[in-house]
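Every read-out reported here was derived from the displayed coordinates using simple, explicitly stated rules and does not represent laboratory data. Just so it is clear, the structure is predicted and the values come from calculations on it, not from any experiment. Cβ: placed from backbone, ideal geometry, glycine included. Neighbour counts: every protein chain shown.
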Amino acid sequence: MLFRGWVLDGIRAGRITQAFRCWTRPTVRAGGMLRTRVGVLAIEGVEVIELGEISGEDAWRAGFDSREALLADIGAGRGGTLYRISFHLAGPDPREALRRNDRLDAEAVSALRDQLAALDKNSRTGPWTAEALRLIGERDGRTAGEIAEHLGIEKPSVKRKIRQLKELGLTESLPSGYRLSDRGRVICKALPQKS
């Protein structure tokens with residue numbers, strides 16, 4: 001579930017606490033969590049709603065000035081069942097602190113190397129983690145397309161792989177491409193260098 005920049009700003013400020021989506025099936029569930037660039041959202045409710053049931057209060061909670069503005073926005077991408085999703089900002093994304101942590105002892109470095117080795121071992125395309133980290137470390141903004149071309153892997157597969165590195169706190173997304181986090185730079189130096 002993606003949000004536009006102005007919506008994320010409203011979520012951060014506490015003004016926006018619900019959204020509307022047309023889905024063939026929901027991509028979030030009540031009681032679940034959703035990470036965004038402004039923090040983790042706690043999903044309070046996901047319910048089917050008809051257009052006629054949407055109120056002015058709903059529009060305001062979704063960040064719109066009027067019911068009509070919200071309906072126009074929904075109508076632009078209409079297809080599937082309409083859902084009202086209620087949420088609140090639960091706190092910061094725990095990966096943020098992880099990314100900034102560059103003070104890793106030998107045990108932490110070893111554990112991360114083991115996790116990267118496991119990602120390589122379980123990959124259908126063979127080892128990739130060290131080379132992907134090296135490529136990202138060479139230049140901030142390295143795109144998934146560039147990495148895919150270099151590794152000889154399809155771009156959607158590379159995006160999934162980079163998300164695995166993000167989960168470990170090693171990379172972060174930029175408006176275009178990726179960069180190594182502070183933690184990622186430490187680990188990149190601890191990996192075998194390409195000869």
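Structure values in brief
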{"item": "Selection from region 152-195 of residues that are closer than 16 Å to residue 120 by Cα, of a type in the set (D, E, K, R) and touching a Leu at 6+ places or on another chain (Cβ under 8 Å)", "result": "161"}
{"item": "So residue 90, is it aliphatic (A, V, I, L, M), part of a strand (DSSP E or B) and closer than 30 Å to residue 184 by Cα", "result": "yes"}
{"item": "Hits in region 101-128 (condition: surrounded by 13 or more Cβ atoms within 10 Å (Cβ to Cβ), closer than 20 Å to residue 172 by Cα and in contact (Cβ under 8 Å) with a residue 24 or more places away in the chain)", "result": "101, 104, 109, 112, 113, 115, 116, 119, 128"}
{"item": "Members of region 177-195 found to be in contact (Cβ under 8 Å) with a residue 60 or more places away in the chain, of a type outside the set (D, E, K, R) and outside any loop (DSSP other than H, G, I, E, B), listed by number", "result": "184, 186, 187, 190"}
{"item": "Number of positions in region 52-91 that are within 22 Å of residue 41 (Cα to Cα) and exposed (fewer than 12 other Cβ atoms within 10 Å of the Cβ)", "result": "2"}
